[in-house]
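Read the structure below first, then the notes.
Since every read-out is calculated from the coordinates, none of them should be taken as a lab result. It should be emphasised that the depicted structure is a prediction, and the values quoted were computed from it without experimental measurement. All Cβ positions, even for glycine, are placed from backbone atoms using ideal geometry, and neighbour counts span all protein chains on display.
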Amino acid sequence: MGRFFRTEQLREFNAVSLDSVSYMNRSDQIFNVRQTIAFLSQGTTLQPGSIILTGTPKGVGFVRKPPLYLKNGDIVQVWIGGGIGTLINPVVEESQRSVSGKL
């Protein structure tokens, strides 16, 4: 990570198997960055370099019309602007994993 940036100005794009599911500004979050840090620091000591992952953006999953649920074989992509980049994860049903837990 190593860089400082204004998180409220970051854009986020989410896709499931190349279908766009959301495009938002981080300021659209239900709880802003200050509120999130204040809440988490009540029970956890945040150290320099701590990374906070906040979960799913609005408009996906069961609240989407029609609902959208991840399934085995889907590819989830999350792009964060500001030069941060893209995180890509395959969705693998638990029964499809090997005994070692690797894909």
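Here are the numbers for the structure shown:
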| item | result |
| --- | --- |
| Residue order, fewest to most beta carbons within 10 Å, for I80, I30 | I30, I80 |
| For the stretch 7-96: Kirkwood Rh in Å [reciprocal of mean 1/r, alpha carbons] | 14.9 Å |
| Pair R11, I37: separation of 7 Å Cα→Cβ label points (nm) | 2.5 nm |
